[in-house]
Each structure stands twice: as C-alpha cells, then as structure tokens.
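Remarks on the structure that follows.
All of the numbers you see were taken from the coordinates with simple rules; none came from a lab. In this text, all values refer to a predicted model and were calculated from it rather than measured experimentally. Please note: Cβ atoms are built from the backbone with ideal geometry, for glycine as well, and neighbour counts cover all protein chains shown.
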C-alpha cells in the first residue's frame, strides 16, 4: 500500500465505513497535537455501505439544520453540488444514486426523531398529541423529496430548539 499525497485521488467502489451523525461534541482532539482527531464518539448510526450514504447524510443534515429549521445556511459551507464535486474529486469517481441515499438519510433521521418523540412523551416534554415526530424537519424533507404534501413544522420543534421562529428573528439571522 502506498501513501497518497495531497491532491491525489483513489478510485474505490467497495463498502466504506459510514459514521453518520458527525457532531463536533463527538470529536475527541489529540492530547499532544490538539488539531489532530484522536477519536469519534457516538457510533449508533455507523454502518458499512457505499460512501454515497455518508455524503448524503452530510448533505441532508446541512439542509435539515438550516432550511429544515427555517434558518439560513451558514455562509461559507459548500452547497449540495459543491459537496458532490469535492467528493467526486477526492474519490476519483462519479457519485452514484445520490438522490436515493439522500432519501435514505432523511428517513433514518426521521426514525430517530420518531423514537425521540416517544421518549419525550413518556417524560412529559411534549404533549400526547404532539406533531414533533410527524412534522419534523426530516419528515418535511421526505415529503418534498417524494412530492407529497409538506406538513407544517411542529411547534414543539420550534419550542425545543429554543428559538422564536418569528419574522423578527429571521430578519436578524439573515442580516
């Protein structure tokens, strides 16, 4: 096995380790060199599969944590097409079936939030008739991807995110 240098690519079509659920609080920095990643925590969504599944998770989470919460995207992050182009350059091959993997990623996260809804109900965080799971950002994204009616964002999503999603707040965050 030879070492790859910056700018080189490798073409690989086999299964890859898909981490999913990447969040900065799950990253453990190195002790000697703080900018080196020493470990990743929170592996319940990890699986073997095509790299497109991991790429789709990144794209879907970017969408859900911005437009999905009715917030603007962070400036400077690559958009969907730029992310796909970067991935293709890095992998040395075209991305395949990305639309399928984006639907799969949205479904996986929707299922996580449906389970969370049951847990929230059981401890009284949300009312028994909440739409937290059915009207969550991933359910809304799935509806859009599948050309179904898009439900209103659950008021409990807004409340639990701790942000008043009124016009004043939108105007302040987009300035």
Tell me, 95, 126 in order of fewest to most beta-carbon neighbours within 10 Å? 95, 126
Any idea what the relative contact order of segment 99-158 is, in percent, if you count C-alpha pairs under 8 Å spaced at least 6 apart? 34 percent
From the C-alpha gyration tensor of segment 51-174, square roots of 5λ in Å: 28, 18, 12
Fewest Cβ neighbours within 10 Å first, please rank 129, 99 accordingly. 129, 99
Give me 132, 86 ranked fewest to most by other Cβ atoms within 10 Å of their Cβ, as a rough exposure proxy. 86, 132
A chain fully extended from residue 115 to residue 127 at 0.36 nm per residue, minus the present Cα-Cα distance, gains in nm 2.8 nm
Using the beta-carbon distance between residue 145 and residue 32 and R0 = 35 Å, what value does 1/(1 + (r/R0)^6) give for FRET efficiency, to the nearest 0.05? 0.20
Would you mind calculating the relative contact order of segment 51-174 from Cα pairs under 8 angstrom and at least 6 residues apart, reporting the percent as a whole number? 26 percent
